[in-house]
Amino acid sequence: MAVLDSFINFINYYILAFNSLHNSDLEIWQSFKKGDKIAFAKIYQLHAKSLLNYGVTLRISSNLSVIEDCLQDLFLELWQSRENLADTDSIKFYLFRALKNKLMRTVKYDFSKSTDEIDETLGGDLFEASIERILIEEESQKERLERLKVAFDGLSQRQREVINLKYYHQFSNAQIAEIMELNYASVGNLIQKALFSLRQSIHISIHLFLLIFSSFIR
């Protein structure tokens with residue numbers, strides 16, 4: 001037991017030392033590219049959960065196992081090709097774009113496909129968790145979230161994605177444009193149309209709507 005405790009303490013010390021020496025995304029990424037397994041583990045620990053949530057919210061596939069497999073394959077491919085990867089100062093942005101591309105290649109997803117053909121049971125909890133943080137107490141929380149969930153599910157595929165990227169993952173409009181392969185102006189228009197649709201659907205007060213609106217448009 002003493003030996004095990006000593007080993008655990010050593011690992012914890014190593015991770016703390018790594019964290020103190022590598023503060024920026026660029027430093028962590030460059031360490032990973034050089035074969036640092038602690039840096040690789042840190043990248044996975046920091047981003048795997050949000051990547052899985054993003055994959056679910058995209059609804060490119062309604063099969064959670066497919067999304068999980070793509071995520072695992074992505075990290076495996078990153079490790080295997082690490083020496084040839086370009087530098088990045090935003091690991092999260094890099095990974096989100098890579099996962100979306102991988103999912104689309106795997107599923108051969110067509111964005112012209114009707115949203116009625118896609119499983120609508122996934123992604124609702126993620127939206128509820130993100131939007132709840134900016135709502136004020138105007139009515140009961142349960143009723144409010146139910147109304148928002150229904151309204152969110154009524155948005156188009158791209159409207160759901162742009163709202164998720166903008167608010168929940170806090171990407172800039174420029175980054176969203178790259179991830180979604182749209183021009184900058186189209187991203188702004190898509191966000192505005194989605195928010196207008198949400199407001200029309202749930203009939204919230206102008207004060208509450210502006211709180212939500214200001215969180216998306218910067």
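The values are calculated or read from the model by the stated rules, or taken from the named source; none is laboratory data. Predicted, not measured: the structure shown is a model, and the values here were computed from it. For neighbour counting, all protein chains shown are included, and Cβ atoms are generated from backbone atoms with ideal geometry for every residue, glycine included.
Key figures for this structure:
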quantity	calculated
Residue within region 46-63 that is more than 15 Å from the chain's Cα centre (by Cα), aliphatic (A, V, I, L, M) and not in a loop (DSSP other than H, G, I, E, B) present	no
Tally, over region 152-185, of residues that are of a type in the set (Gly, Ala, Ser) and either buried (at least 18 other Cβ atoms within 10 Å of the Cβ) or assigned to a helix (DSSP H, G or I) (or both)	3
Test result for residue 146, among the charged types (D, E, K, R), under 24 Å from residue 92 (Cβ atoms), modelled with pLDDT of 55 or more and not assigned by TED's automatic domain parsing to the domain that holds residue 96	no
Among (1) surrounded by 14 or more Cβ atoms within 10 Å (Cβ to Cβ); (2) at pLDDT 90 or above; (3) among the basic types (Lys, Arg) - the single one residue 34 does not satisfy	(1)
Matching residues in region 93-120 - criterion: being modelled with pLDDT of 90 or more and in contact with a Leu (Cβ under 8 Å, 6 or more places away or on another chain)	95, 96, 98, 99, 100, 102, 103
